[in-house]
Amino acid sequence: MTDLFSPIEVGSMALKNRIVMAPLTRNRAGEGNVPTAMNVTYYEQRATAGLIITEATPISAMAHGYPATPGIHSDDQVQGWKKVVDAVHAKGGKIVLQLWHVGRISHPSLLPNGALPVAPSAIKPSGKAFTYQGLQDFVTPRALDAEELPSIVADYVTATKNALKAGFDGVEIHAANGYLLDQFLRDGTNKRSDQYGGSVENRMRFPLEVVCAVVDVAGADKVGIRVSPLNPFNDIRDSDPQTLFNAFAEALSPLKLAYLHAVEGGMTGEKTPPFDFVALRKHFKGNYMANLAYDKARGNAAIASGNVDLVAFGVPFIANPDLVERFRLDAPLNAADQSSFYGGTDKGYTDYPTL
Ligand code: 8OZ
């Protein structure tokens, strides 16, 4: 029977199991947003996952929106990531880098020369930005001109080349959780009147341009994508997510990506409207990775149903570097310490015990 422990071919990657480490922002990059030796240890400890997806990684200086997130746009960052990749590979693991542009979820204090964050439309998110000076009100972002979009596509291309240079097995395009590509997809944040706004087809245009450009440099078999149709995080909304994301899955399908990764609800357990993820999955003819509060039993049941190929685990991987072994043995899991999720030292990062 196929279950979480069954090997699987995902694009160009032969995975030893279907237990994926979800992308997890931990805010522990070093000076210059360069991955450190402590970051190497953290990922290396989790290399028994079938696949590791790195924490969201800004593709350019303008793509940052939080303190101490490791970028993939400077040579030092590439060298720092290479040490992570080499350590994971030495342990027999596979690892892809998550390509991130935050769009409006940022703050001038985090951007070059105090620049305004950029977005499809000049709509301020509700809530506050995490900055080096603490929580600060979001600002109204600057709406991007259509003429500027090719330079952002070029940043995705450079970041992808950098990821390949660092030795990553592939990349995951972050189109979820209310960041730039999600801001283009949704009618709550995209009020453009040009060819990048309005209809579903127009709102998908920029995200699809990014995907095609990344595929051109990496090959489709090294590219995955993450979406979160129901997640209200970062003040994102859409009047009809099912129609939008079914269409997006349908448009992505012929590109033959390695996988489609879906956050199947609200990230912090919010009540969400109904959404048919099996329908979404059927629009995408390729591997489907499910994420959101799965445990071993639900993960196995999802894979047995035939509707899910891979399951990504977030919080359990924070607290259990040997999650795969614990699942195998039905061993109890360590509880995660929420207070050390974002930022800090090795405490709550590399010091969770193995069995
Ligand atoms: C939690 C805190 C900060 C960032 C995401 C990159 O939601 C994130 C993130 C999550 O994708």
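The values are calculated or read from the model by the stated rules, or taken from the named source; none is laboratory data. These numbers come from a predicted model, not from an experiment. Here the Cβ is made from the backbone with ideal geometry for all residues, glycine too, and neighbour counts use every protein chain on show. These accessible areas exclude ligands, DNA and RNA; they are computed on the full protein's heavy atoms, side chains included. Shrake-Rupley method; radii C 1.70, N 1.55, O 1.52, S 1.80 Å.
Condition first: touching a residue at least 60 places away in the same chain (Cβ under 8 Å) and within 15 Å of the ligand (Cβ to nearest atom). Now tell me which residues in the range 93-122 satisfy that.
Going residue by residue through the range 93-122, those that are touching a residue at least 60 places away in the same chain (Cβ under 8 Å) are 94-105, 118-121.
Listed by number, the residues that qualify are Val96, Leu97, Gln98, Leu99, Trp100, His101, Val102, Gly103, Arg104, Ile105.
Could you identify the single residue in Asp145, Asp187, Asp155 that is modelled with pLDDT of 95 or more, out of contact with any strand residue (DSSP E or B) (no Cβ under 6 Å at 6 or more places or on another chain) and buried (at least 18 other Cβ atoms within 10 Å of the Cβ)? Spell out the reasoning first.
Numbers: Asp145 fails: buried (at least 18 other Cβ atoms within 10 Å of the Cβ); Asp187 fails: buried (at least 18 other Cβ atoms within 10 Å of the Cβ).
Exactly one of Asp145, Asp187, Asp155 is modelled with pLDDT of 95 or more, out of contact with any strand residue (DSSP E or B) (no Cβ under 6 Å at 6 or more places or on another chain) and buried (at least 18 other Cβ atoms within 10 Å of the Cβ), namely Asp155.
Under 6 Å by Cβ, and 6 or more places apart or on different chains, what pairs join a residue from the range 43-57 that is under 15 Å from Phe5 (Cα atoms) and modelled with pLDDT under 95 with one that is crowded, with 22+ Cβ neighbours inside 10 Å and among the hydrophobic types (A, V, I, L, M, F, W, C)?
From residues that are under 15 Å from Phe5 (Cα atoms) and modelled with pLDDT under 95, there are no pairs.
What pairs can you find where one residue is in the range 229-250 and under 15 Å from Gly178 (Cβ atoms) and open to solvent by 50 Å² or more (accessible area, probe 1.4 Å), the other is within 16 Å of the ligand (Cβ to nearest atom) and modelled with pLDDT of 95 or more, and their Cβ atoms are less than 6 Å apart, with a gap of 6+ or different chains?
Short answer, once both residue conditions are applied: Pro232/Gly266; Phe233/Asn177; Phe233/Gly178.
Could you tell me which residue of the range 183-232 is farthest from the chain's Cα centre (by Cα), considering only residues that are among the charged types (D, E, K, R) and part of a helix (DSSP H, G or I)? Quick ask: steps written out before the conclusion?
Going through the range 183-232, the residues among the charged types (D, E, K, R) turn out to be 186-187, 191-192, 194, 201, 203, 205, 209, 216, 221-222, 226.
Checking which are part of a helix (DSSP H, G or I) leaves us with 201, 203, 205, 209, 216, 221-222.
On the way: Glu201: 23, Arg203: 20, Arg205: 20, Glu209: 18, Asp216: 20, Asp221: 17, Lys222: 15 Å.
Filtering the range 183-232 for residues that are among the charged types (D, E, K, R) and part of a helix (DSSP H, G or I), the one farthest from the chain's Cα centre (by Cα) comes out as Glu201.
Taking the range 233-248 as the region of interest, how many residues are within 14 Å of the ligand (Cβ to nearest atom) and either within 14 Å of the chain's Cα centre (by Cα) or within 19 Å of His283 (Cβ to Cβ) (or both)? It would help to see each step written out before you state the result.
To start, the set of residues in the range 233-248 that are within 14 Å of the ligand (Cβ to nearest atom) comprises 233-236.
Next, only the ones that are either within 14 Å of the chain's Cα centre (by Cα) or within 19 Å of His283 (Cβ to Cβ) (or both) stay: 233.
Count: 1.
Quick check on the range 158-173: of everything there that is in contact (Cβ under 8 Å) with a residue 60 or more places away in the chain and open to solvent by 60 Å² or more (accessible area, probe 1.4 Å), which residue is nearest to the ligand (Cβ to nearest atom)?
Filtering the range 158-173 down to residues in contact (Cβ under 8 Å) with a residue 60 or more places away in the chain leaves 158-160, 162-163, 165-173.
Next, only the ones that are open to solvent by 60 Å² or more (accessible area, probe 1.4 Å) stay: 158, 165.
Details: Thr158: 20, Lys165: 23 Å.
Taking the candidates together, the pick is Thr158.
Kindly establish whether Tyr288 is open to solvent by less than 10 Å² (accessible area, probe 1.4 Å), under 28 Å from Asn17 (Cα atoms), hydroxyl-bearing (Ser, Thr, Tyr) and in contact (Cβ under 8 Å) with a residue 12 or more places away in the chain.
Working: open to solvent by less than 10 Å² (accessible area, probe 1.4 Å): yes; under 28 Å from Asn17 (Cα atoms): yes; hydroxyl-bearing (Ser, Thr, Tyr): yes; in contact (Cβ under 8 Å) with a residue 12 or more places away in the chain: yes.
Yes.
When only residues in the range 65-92 that are farther than 15 Å from Pro23 by Cβ and open to solvent by less than 10 Å² (accessible area, probe 1.4 Å) count, which is nearest to the ligand (Cβ to nearest atom)? Show your work before the answer.
First, the residues of the range 65-92 that are farther than 15 Å from Pro23 by Cβ: 67-68, 73-80, 82-83, 85-87, 89-92.
With open to solvent by less than 10 Å² (accessible area, probe 1.4 Å) added as a condition, the list becomes 77-78, 80, 85.
Values: Gln77: 17, Val78: 20, Gly80: 18, Val85: 20 Å.
Per the stated criteria, the residue is Gln77.
Inside the range 24-39, can you point out the residues that are in contact with a Gly (Cβ under 8 Å, 6 or more places away or on another chain) and within 11 Å of the ligand (Cβ to nearest atom)?
Answer for the range 24-39, where residues must be in contact with a Gly (Cβ under 8 Å, 6 or more places away or on another chain) and within 11 Å of the ligand (Cβ to nearest atom): Leu24, Arg26, Asn27.
Output the residue which, of all residues in the range 339-350 that are of a type outside the set (Ser, Thr, Tyr) and closer than 10 Å to Ile318 by Cα, is nearest to the ligand (Cβ to nearest atom).
As a first pass, look at the range 339-350 and keep what is of a type outside the set (Ser, Thr, Tyr): 341, 343-344, 346-348.
Filter once more, keeping what is closer than 10 Å to Ile318 by Cα: 341, 348.
On the way: Phe341: 8, Gly348: 15 Å.
So the residue we want is Phe341.
Among the residues of the range 48-67, how many are farther than 13 Å from Leu111 by Cα, more than 14 Å from the chain's Cα centre (by Cα) and aliphatic (A, V, I, L, M)?
Result for the range 48-67: 1.
List the pairs whose first member sits in the range 123-140 and is in contact (Cβ under 8 Å) with a residue 60 or more places away in the chain, whose second member is surrounded by 12 or more Cβ atoms within 10 Å (Cβ to Cβ) and in a strand (DSSP E or B), and whose Cβ atoms are under 7 Å apart, counting only residues at least 6 apart or on separate chains?
Pairs that qualify, where the first residue is in contact (Cβ under 8 Å) with a residue 60 or more places away in the chain and the partner is surrounded by 12 or more Cβ atoms within 10 Å (Cβ to Cβ) and in a strand (DSSP E or B), are Ala129/Gln136.
Residues being more than 16 Å from the ligand (Cβ to nearest atom) and either within 14 Å of Leu164 (Cα to Cα) or surrounded by fewer than 19 Cβ atoms within 10 Å (Cβ to Cβ) (or both): count how many of those fall in the range 40-64.
Selection size over the range 40-64: 2.
One line per residue, one yes/no per condition, for (1) open to solvent by 10 Å² or more (accessible area, probe 1.4 Å); (2) modelled with pLDDT of 95 or more; (3) under 25 Å from Gln98 (Cα atoms):
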position: Ala258; (1), (2), (3): no, yes, yes
position: Pro273; (1), (2), (3): yes, no, no
position: Ala302; (1), (2), (3): yes, yes, yes
position: Pro316; (1), (2), (3): yes, yes, yes
position: Arg328; (1), (2), (3): yes, yes, no
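Could you check the range 1-39 and list, in sequence order, the residues that are outside any loop (DSSP other than H, G, I, E, B), aliphatic (A, V, I, L, M), open to solvent by 30 Å² or more (accessible area, probe 1.4 Å) and out of contact with any Ser or Thr (no Cβ under 8 Å at 6 or more places or on another chain)?
Matches in the range 1-39: Ala14, Ala37.
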